[in-house]
Amino acid sequence: MSLPKTLAEDVARNLVMVAQLIDEDPEQAYAYSRIALRLASRVAAVREAAGFAAYATQKYSEALAEFRASRRMTGSVELWPVMADCERGLGRPERAMAMAGEPEVQKLDKAGQVEMRLVAAGARRDMGQIDAAIVTLQSPELASHSVQPWTARLRYAYADALLSAGREDEAREWFGKTIEADKDGATDASDRLAELDGVEFVDAMGEDETEAAGETTADAVTDAGADGRGASEAAAPPAGDADADALLDEDVVDLDEDDKR
């Protein structure tokens, strides 16, 4: 069973907008996900996207329902860690801990297992078991010198747990190790380390300079208008447009039918 081409294109457009907006404007991404869900609720990718949009807006009960629906359609365990984290968000850390011990965890790839470890450590902290959280994070992946996509987050979580346990010197060391792995600045490890070292950041731009910068920006916008272009036209096109075109080239979106499982 498949969607007609026009409907498939509408669904694809909305999913692209979800992906583009989920980090910067999660509420808007959520709105697009609801449209896609109304159009194609039996498509697993739509249910998954709706789940992540709900998760990003802290609608954990809704997110969990969507993730479960996607999992029923695909049979995949990939969403297991985020489902467990939804349980944490709903104030049920004990359920998250129970999920960390289920056979599904062994079916996850390395990235998924690390993610599950992070969720389990968070659940331990939710229950006030900070020492157990620290032990949970101790693993070959934490000790490894190689940098993987999950390394910065794992080291950061460990440093933060150590700090919460009052082990400041060790926390300082691990925040430093986080910075080494965090080339994209995904964490605030540098700020946390500076705070521990008593460093204060002061805005080097004075009030007069701030006003001057504002005037310069205003002049630039005026000049752009004088050239016959609006601000949006002067900007580069959204990076996601190419992805949207690629998706819209597809004739249909295949549906996962429950009776195939």
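Observations, loosely collected:
- Taken residue by residue, the range 197-207 has no member that is closer than 30 Å to residue 68 by Cα and touching a residue at least 24 places away in the same chain (Cβ under 8 Å).
- Within the range 119-137, the set of residues being open to solvent by 20 Å² or more (accessible area, probe 1.4 Å) and either on the phi > 0 side of the Ramachandran plot or under 23 Å from the mean Cα position of the chain (by Cα) (or both) comprises 124, 125, 126, 128, 136.
One line per residue, one yes/no per condition, for (1) over 17 Å from residue 27 (Cα atoms); (2) aliphatic (A, V, I, L, M):
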| site | (1), (2) |
| --- | --- |
| 48 | no, no |
| 65 | yes, yes |
| 68 | yes, no |
| 75 | yes, no |
| 80 | yes, no |
| 84 | yes, yes |
| 96 | yes, yes |
| 99 | yes, yes |
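- Whichever residue in the range 93-112 is under 20 Å from the mean Cα position of the chain (by Cα) and open to solvent by 60 Å² or more (accessible area, probe 1.4 Å) and, among such residues, is farthest from residue 163 (Cα to Cα): 109
Here's the yes/no breakdown for (1) of a type in the set (A, V, I, L, M); (2) open to solvent by less than 60 Å² (accessible area, probe 1.4 Å); (3) at pLDDT 95 or above:
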position: 3; (1), (2), (3): yes, yes, no
position: 6; (1), (2), (3): no, no, no
position: 12; (1), (2), (3): yes, yes, yes
position: 16; (1), (2), (3): yes, yes, yes
position: 23; (1), (2), (3): no, no, yes
position: 40; (1), (2), (3): yes, yes, yes
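- Conditions (1) over 21 Å from the mean Cα position of the chain (by Cα); (2) open to solvent by 20 Å² or more (accessible area, probe 1.4 Å): number failed by residue 34: (1)
- Selection of the range 54-113 for residues being charged (D, E, K, R) and touching a residue at least 60 places away in the same chain (Cβ under 8 Å) yields only 72.
- Matching residues, the range 63-74, being surrounded by fewer than 18 Cβ atoms within 10 Å (Cβ to Cβ) and either of a type in the set (Asp, Glu) or under 20 Å from residue 98 (Cα atoms) (or both): 65, 68, 72
The values are calculated or read from the model by the stated rules, or taken from the named source; none is laboratory data. Here the structure is a predicted model, which means the values were calculated and not measured. Heads up, the Cβs are rebuilt from the backbone with ideal geometry, glycines too, and the neighbour counts pull from every protein chain shown. Areas reflect the complete protein model, heavy atoms only, side chains present, ligands, DNA and RNA absent. Shrake-Rupley method; radii C 1.70, N 1.55, O 1.52, S 1.80 Å.
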